[in-house]
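These notes concern the structure reproduced below.
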Amino acid sequence: MSASHVFLKVRRVDPGTVASARDVTVADIHESMGTRGRAALLGARMRPIKEGQARIAGPAVTAFCWPGDNLMMHRALYLAQPGDVLVVVCQAELSGAQWGDLATRYAQQKGLAGVVVQGCVRDVDQVRALGFPVWSTHIWPIHPDKRGHGFVNAPVVCEGVEVRPGDLIVADGDAVVCVPRDEAAAIINAAHTKMQKEDEVAEKVRAGGAV
């Protein structure tokens, strides 16, 4: 896609699965995916900009931005719905910030769950103070243009993982994981089962038993 393409329709993972995903960790989800779990984890460079950030879960709305430009991010942000997670990719990662203070304020007003950026974010002191959950590969203040090509709501590869619009994104202090939309309910149910078993083991340890 060499020009600008904006797709309006997103078939989102169902809200019940999203709500359930907020109660399990990325580690539990990753392990519940079996041999595919490693491939579902976005690369280790993707980190929260603030330690202790709340775990988030929501359907992906995607944006692919041209070097030094974040116009497609803004279009995706405009189209995003409450509870969505914006997934932004700029392969020229340090060419221009994809996210900052004003985008954060607008995202909060719209009720987005969070944003995941392969690229750089800026205004991080203000963004941290606002408490909006942001994961990124870089922090860097270069000003972006808003005139480039790219696309919105088409599949992107974010930190080595294909993310399709409507897939389930879950992020916490460990990592970010992308769960395919059509498999999300079964995988999240399996993660809950795993978490319950681990809770039982933790209770035995508290009672003086061994792991």
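Structure data summary
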| read-out | value |
| --- | --- |
| Packing-based order for 152-161, 30-39, 172-181, using average beta carbon neighbours within 10 Å, highest first | 172-181, 152-161, 30-39 |
| Label corresponding to Rg and Dmax of the Cα atoms in Å when calculated from the structure given, among (1) 19.0, 66; (2) 19.2, 56; (3) 17.3, 63 | (3) |
| Interchain or long-range residues, amide H under 5 Å from VAL87's placed H | VAL61, THR62, ALA63, VAL116 |
| Backbone N within the range 85-121 under 15 Å of label point (7 Å from ARG147 Cα along the Cβ vector) | none |
| Orientation-averaged projected area, Cα convex hull of the range 34-87 (nm²) | 5.4 |
| Under 24 Å between alpha carbons - lysine pairs in the chain that sit 8 or more apart or on different chains | 5 |
| Residue-by-residue Karplus 3J(HN,Hα) for the range 17-32, coefficients 6.51, -1.76, 1.60, Hz, glycine and proline x | 5, 4, 4, 5, 5, 5, 9, 10, 7, 4, 4, 5, 5, 4, 5, 6 |
| 13 Å cut-off, amide nitrogen to a point 7 angstrom out along LYS110 Cα→Cβ, residues in the range 135-161 | 152-153 |
| Added length on full extension, which subtracts the Cα-Cα distance from 0.36 nm per residue, ASP23 to TYR78 | 17.0 nm |
| FRET efficiency estimate (nearest 0.05) - Cβ-Cβ, LYS197 to ASP14, R0 25 angstrom | 0.50 |
| Sites ASN189 and ARG38, calculated FRET efficiency, Cβ-Cβ separation with R0 22 Å, nearest 0.05 | 0.60 |
| Bridge type composition, the chain - antiparallel percent by DSSP, nearest 5 | 45 |
| Karplus (6.51, -1.76, 1.60) ³J(HN,Hα), θ = phi - 60°, over the range 171-182, in Hz, Gly and Pro reported as x | 9, 8, x, 7, 5, 10, 10, 10, 10, x, 3, 6 |
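No value in this document is a laboratory result; all are computed from the given coordinates. Note that the coordinates shown come from a computational prediction; the quantities given were computed from them, not determined experimentally. Ideal geometry is used to build each Cβ from the backbone, glycine not excepted, and the neighbour counts take in all protein chains shown.
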